[in-house]
Each structure stands twice: as structure tokens, then as C-alpha cells.
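Reviewing the structure listed below.
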Amino acid sequence: MPPLRGTGANPEAEHPEYAGHYRLEACLGAGGMGVVHLARSTSGLQLAVKVVHRHYSADPEFRARFRQEVGAARRVSGAFTASVVDADPDAARPWMATLYVPGPTLSDQVKRNGPMAPAELRRLTAGLAEALRDIHRAGVIHRDLKPSNVLLSDSGPKVIDFGISRPYDSDLRTETGKLIGSPPYMAPEQFQRPREVGPAADVFALGAVLVHAATGRGPFDSDSPYIVAYQVVHDEADLAGVPTDLAPLIGQCLAKDPAERPTPDDIMAALRPPSYDAAAFIPSQRRPGAVEAPAVSGPRIATGADADTHAGAGAAARGRKATASGGGKRRWLAAAAALLVMGAGGVWAAGVVGDSGGSGESDGSGESGESGGTAAAFAPWRTPLPTSGSSTPVCSSAGGAGEEASGPSAALYCA
């Protein structure tokens, strides 16, 4: 996400300049537990550094939770999360540095651009399922998967913020009477049996996140967190607006019974074949397969045979037009006429300039005319030039002096 460089009063008036030996450059965002800053390592690597609020630093229970967050984030660092670079949970102000991931959160993306297109949603579903698979394989339950904890990078979604996650084998449990999480994305068991929460709770949250991505709202929607909690436990999810091909799968993720929800592996199997061709998350991202046209270093003289010998690139060849000005065209024609005079026996064989950037001419078979391997098999058309005494032939384009020659059948006429 982009740095937030605001002015005016800041609730965290004692913002530090350093976390360990990392100089904090800008504020990326703030939450209930701390502030995330942009920083750089000694080598210049961009980092996101989370620094705990000062009033939590003196709380032993919070320090224990932050230490657990650091441990969980380190266990799952990989392709689908922001890798931990450094941390000090025992510092006066505990902090943790992870790799900075450029790209908006899913929450910001939907807020700015509206619901995702079906292809984007399919790719998001596959990416988050892969992320949860790796998180659960590491023995960690996230417990707070929501749109603001999903970063959309050009390589796919990244799951961040393991502030309330816990390993399966953790002795640190939720205290009786305490609910930790974000109600619209919490599973029913997080309200009813918080000590028994397992990996299936993350799958429920995934379903709610996907509904938000598809519609701009959650499957359980209310201004009151208490009403949302009731809806999560008792009401059916609202899937209106979710693409029909994904609605059954997302509905299964939102099942009330954890045993009825699919696993991340089940979700990925349901999405086969893979969605490699889905559109990129970020609008400015280059589309796969987009290749810029190579620069042409000189004039291209095309013949009627060009349409056959270069059929694979027909669309590009037919759309190319000469861009030279009238004066430039005259200089070009004069140069062509000079070459014609120099030709043996007054014979001109038209070729095609190679796309490889070299100065050789193509023999029509895709190989250079100097290679000798297939040059003998190529028979170019020939036009004897009319001569009258010592006069020099005058050449013009097929379209006449005032028109541009273009397309696969453009030619020169000399008289």
C-alpha cells in the first residue's frame, strides 16, 4: 500500500524514528495494536515495520501475544505472506519488520474500483486458498482473515497481520468472555466456542472475504456488530451478486458446521483448470503476453509474397504504415533509385527487413539471405528496369507521390 504522509495532530505523538537499527521513513497505516511504517534495510530493501503502541508495551499479556504473532509470521513466511526479516518482541517498543509488499489491500481495491470481475475473483479465490493451505501446513490458524489483511500484489494475494493468530500447539488461549476478531468475517464457532477454533474458521472467513470482493459487501451485513454476530450464527449467507460458477463453492465455505466446509486443497481442486489467464488485480499491471512492437531501424519494402511468408504476423504487418514525412519519402525513394542503378544488370529483388534488429534482409523463409542454406530455393520476383541512354530510372510508390505505401503488397514502380 502507498505511504500515508498526513499532517496535523497524530494520536501516536511519540512516534519513534527508529525500530532497532531501521530508520522509519513514512507511516503506512495504523491499527488497534500498533503503527506500520515504511523503512529500509542497510542494503536498501524496503520493509514494513510494525511498532506496538506504547500503552501496550507494559502489558505482559500483550507482549506474550506479540511474541506469538512474530513466531506465527516466521513459521508461515513464504510465497503467500510477507516474509519476516527481523523482530524484537522484547524491546521497549516491540516491533517486527517484514518485506514491504507494494499493492493495495483488497479492502481499498474494492472501495476504489468496485467489485472484482469474475476472472479476478477466480484468481483471488485460488490465491487465498493456496495461502491458507501453506498457513495451515505450518501449524498456524490465522483467525482474522479479512479484506484489510489481504494485499494484492502483481504476483498474487498476500495474507498479512498474524496479530491474533496462534499455532495449533500454543498454550496461550482466548480468555473466557473475550472475543477476538472482526465480526463480519468470524466463523460461528468463534462466537460460540472460541477455545475450539480450528483451520475451518479461516475457510469460513475466506468465504466472507470472497463475497465482499464480488459484491462490495459482506454475506452478513449490518451496522451493528451484535446483529452481524447473530446473523453469522443463525442466518443464511447472502450470496446475491456472486458469480454463479463460484456461488456454490463460496456457499460451502460459509457452512455453519466446520466439518461441512471444504479444505483449501478442496477449493483448489474445484477451481481446476488453473486460472493463470485471469486479469491482474492492479489496473496498471501489464497484461500477460503483451509485447511491445520492436523498433524498425529502416524502411520496410513489402512484396506480394510477404502475405504468404509472414502469415503468422499478418495482423501486425497489415496494420503497419509508413510514418515518414513527404520530404523523408523523397529521400528514401532517391536512395532506392541509387541502389537500383548499382544492381547488376539493372535487376531489383525486393526483400523484407528482418525483425531481429540486424541489418540483413530476409529471404522470405525466415532466415538471412546470406546463410546459403535455403537462399537457392527462394525465387524472388524480378523487374527489368527500362533504360534510355544514360538517364537514371525514376521510382515511385504504388500509391503515387502523394500517398503512403503500406500493407503486404506495397511496391516500388520504376520507369
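The values are calculated or read from the model by the stated rules, or taken from the named source; none is laboratory data. Bear in mind that the values here come from a model prediction, so they are computed numbers and not experimental data. FYI the Cβ positions are ideal-geometry reconstructions off the backbone, even for glycines, and counts take in every protein chain you see.
A few comments on the model shown:
- GLY198 meets each of the listed conditions (1) modelled with pLDDT of 90 or more; (2) outside any loop (DSSP other than H, G, I, E, B) apart from (2).
- Test set (1) more than 19 Å from VAL140 (Cα to Cα); (2) crowded, with 20+ Cβ neighbours inside 10 Å - MET96 fails condition number: (1)
- Cβ separations smaller than 6 Å between residues 6+ apart or across chains give the following pairs from the range 30-47 residues that are assigned by TED's automatic domain parsing to the domain that holds ALA58 to residues that are of a type in the set (Phe, Trp, Tyr) and assigned to a loop (DSSP other than H, G, I, E, B): GLN46/TYR100; LEU47/TYR100.
- Residues of the range 95-126 that are in contact with a Gly (Cβ under 8 Å, 6 or more places away or on another chain) and either at pLDDT below 95 or in a strand (DSSP E or B) (or both): TRP95, ALA97, ARG123.
- Within the range 166-188, being touching a helix residue (DSSP H, G or I) at 6+ places or on another chain (Cβ under 6 Å) and either assigned to a helix (DSSP H, G or I) or at pLDDT 80 or above (or both) holds for PRO183, PRO184, TYR185, ALA187, PRO188.
- Only listed residue being part of a strand (DSSP E or B), of a type in the set (A, V, I, L, M, F, W, C), closer than 16 Å to VAL36 by Cβ and not assigned by TED's automatic domain parsing to the domain that holds VAL209, chosen from VAL70, VAL85: VAL85
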